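Chemist: Dropping a structure here in structure tokens format, bear with me for questions.
The values are calculated or read from the model by the stated rules, or taken from the named source; none is laboratory data. Just so it is clear, the structure is predicted and the values come from calculations on it, not from any experiment. Please note: Cβ atoms are built from the backbone with ideal geometry, for glycine as well, and neighbour counts cover all protein chains shown. Just so you know, the surface numbers come from the protein's heavy atoms only, side chains and all, with ligands and any DNA or RNA stripped out. Shrake-Rupley method; radii C 1.70, N 1.55, O 1.52, S 1.80 Å.
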Amino acid sequence: MTAQSGSTMAVQISVVTRGACEVLGYETVDPWQAVVHGLCQVTNQEHPQLGCRLIDLPPATDPREPDGALWAELRAADAPPVVAWRGRHRWQLDYHTLSLPPVPARRTAGAPGIRKAGTYVVIGDFTRGLGGIWARALARDPARRLVLIAASVPPAPVPPELIDQCRAGGATLVALEADIDAAGSLRAALDAAAEGGPIDGVFCSTPTTNEHAAAPLSLLQPAHWHYNRRTKIRFLQQLAPAIESHAPAFCCVQASLSSVLGGIGLAPYAAANHWVDAFVAAQAASSAVAWYAVNWDTATGDAADMPSGSHGRGASLAEFALTPDDIWTLTERILALTAPGVVAVSKADLRVRRDQWVHGTPQPRVDSTTRGDGYGRPDLTTAYLAPRNDIERTIADIWQDLLRVDRVGVHDSFFDLGGHSLLAIQAIGRLRQAFPVHLELRELLDGTPTVAGIATLVAAQLPDAGQMDAMAALLAEVQSLSNDDIERQLTE
């Protein structure tokens, strides 16, 4: 780790892993080593003054150690975000563009494809994942038998409206449930799915980002990681042996482009998706089943998987959003035209997006405003209305300080005032310090980005006057106790 002196300290962090990256195609990939990659990506995005790069050495099982390579990498200036050493060769992460024309009548060698008939299983989360999109598309062919297995956290059945939509498509439909946390439950559900005939393919639907899966680094709680570990890692750990025993032609796992681009507030989610990519890569290299992990970009109606731009999340995500038809068309082509492994989906040039978002070295600090004076309230279509109570005044003061604006009206949008995702993270931290309530980043980014809206959320969680009086009385009683009284209370 190196640091530069100055008013804003720039710090270079180098993280060393072993076997986190699939480079040669036959080495042992360690999914748990890959997890740290997601943290590296997001660290620089949330804190641009911190450069964070990954140096991947050969797996522990590989005796060929690159002499002096690590020392040279640690001393290198302006290094790329990810470098891997295998033997004497230095590899740098990049992505190759795939041409995926319409699916031909004859399948590509080594690619399983989706048949017109057969039994297909969609298993996982139908509320937050892509399972519903896959299910509706598969159900369009009446010659298919479709099995939907709901397995989510918290447990929830297959949505009735999805069942009705699939039945309307004409395919034979079976709806089942499984418990991710119960040993053997996923295997039993897959066994039940196979009772009507051999399974031809499996689609694994995992949840996209939500309040349980992601939070800024400064606000992370163990629960965020535990949720991702249950819904993605434990899910696949239990499901994989069962899939292997049924030997379908393929297993297509929903992954996320966050493992390629990171994303502000997505550290635990990106980390879990790196695990998924590494796990699937290992399965694809060793299994008779064709395993795929598809790193999907954000989907229509889901503005959660991608880092945002400087003027709010929605504006930067709309141009990249995939429609249900896009997702199904790409799914068909990936399974019919590509070799098993990990595939990333992006509507725009992925290299350009990576250059914009993923950095291994410290970046210039993002200015909090683009206005020349730095203090005047911009000319907004929203009329100025001064804060009307203490809660609104406190929130407005925090925004004024962060956004360098002299006046903030209660109906002014955080983003119209010059806010962006980095400042939103700081705003949520300051709000949590000012009020004894729990606010999520999504409530500022996607929900109610006005002083009045946030004040309503805060007021709903604040204790009422009676509760405050009771808390004050209890505190006064505790403060009046002597040390002997406290000791006696503790031992009773």
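Chemist: Within region 246-290, can you find the residues that are more than 18 Å from residue 202 (Cα to Cα), of a type in the set (A, V, I, L, M, F, W, C), part of a helix (DSSP H, G or I) and touching a helix residue (DSSP H, G or I) at 6+ places or on another chain (Cβ under 6 Å)?
Modeler: 261, 267, 270, 271, 272, 275, 278
Chemist: Still on this structure: Across region 312-337, what is the number of residues that are at pLDDT below 90 and among the charged types (D, E, K, R)?
Modeler: Total satisfying the criteria: 2.
Chemist: In addition: For region 329-348, enumerate the residues that are open to solvent by less than 40 Å² (accessible area, probe 1.4 Å), assigned to a loop (DSSP other than H, G, I, E, B) and under 25 Å from residue 26 (Cα atoms).
Modeler: Scanning region 329-348 gives 338, 345.
Chemist: Which one of the conditions (1) touching a Leu at 6+ places or on another chain (Cβ under 9 Å); (2) outside any loop (DSSP other than H, G, I, E, B) does residue 213 fail to meet, given that it meets all the rest?
Modeler: (2)
Chemist: Moving on. If the requirement is being surrounded by fewer than 16 Cβ atoms within 10 Å (Cβ to Cβ), touching a strand residue (DSSP E or B) at 6+ places or on another chain (Cβ under 7 Å) and in a loop (DSSP other than H, G, I, E, B), which of these qualifies: 182, 156? Break it down stepwise before answering.
Modeler: Details: 182 fails: touching a strand residue (DSSP E or B) at 6+ places or on another chain (Cβ under 7 Å).
From the options 182, 156, the qualifying one is 156.
Chemist: Further, regarding this structure: If we scan region 439-446, do we find a residue that is at pLDDT 80 or above, out of contact with any helix residue (DSSP H, G or I) (no Cβ under 7 Å at 6 or more places or on another chain) and among the basic types (Lys, Arg)?
Modeler: no
Chemist: Quick one: what pairs do we get from region 349-376, first residue of a type outside the set (D, E, K, R), second surrounded by 12 or more Cβ atoms within 10 Å (Cβ to Cβ) and at pLDDT below 75, C-beta under 6 Å, 6+ apart or different chains?
Modeler: Once the first residue is of a type outside the set (D, E, K, R) and sits in region 349-376, its partners that are surrounded by 12 or more Cβ atoms within 10 Å (Cβ to Cβ) and at pLDDT below 75 give 357/307; 366/422.
Chemist: Go through region 226-266 and count every residue that is among the hydrophobic types (A, V, I, L, M, F, W, C), over 11 Å from the mean Cα position of the chain (by Cα) and open to solvent by 10 Å² or more (accessible area, probe 1.4 Å).
Modeler: So the answer is 2.
Chemist: Can I ask one more? Among 56, 62, 30, which is surrounded by 15 or more Cβ atoms within 10 Å (Cβ to Cβ), touching a Phe, Trp or Tyr at 6+ places or on another chain (Cβ under 9 Å) and charged (D, E, K, R)?
Modeler: After ruling out the rest, the residue left standing is 56.
Chemist: So, one more: Report every pair of residues separated by at least 6 positions or lying on different chains whose Cβ atoms are under 9 Å apart, first residue within region 202-228 and without any contact (Cβ under 8 Å) to a residue 12 or more places away in the chain, second open to solvent by less than 10 Å² (accessible area, probe 1.4 Å).
Modeler: 221/215
Chemist: Being of a type in the set (Asp, Glu) and assigned to a helix (DSSP H, G or I) is the filter; apply it to region 389-406 and report the residue that is farthest from the chain's Cα centre (by Cα). Working first, answer last.
Modeler: Narrowing region 389-406 to residues of a type in the set (Asp, Glu): 390, 392, 397, 401, 406.
Okay, now just the ones that are also assigned to a helix (DSSP H, G or I), so 390, 392, 397, 401.
On the way: 390: 36, 392: 32, 397: 32, 401: 30 Å.
Checking each candidate, the answer is 390.
Chemist: Just to be sure, is residue 219 modelled with pLDDT under 95 and surrounded by fewer than 20 Cβ atoms within 10 Å (Cβ to Cβ)?
Modeler: yes
Chemist: Still on this structure, I have one more. Among 115, 90, 145, 136, which is open to solvent by 10 Å² or more (accessible area, probe 1.4 Å) and assigned to a helix (DSSP H, G or I)?
Modeler: On inspection, the qualifying residue turns out to be 136.
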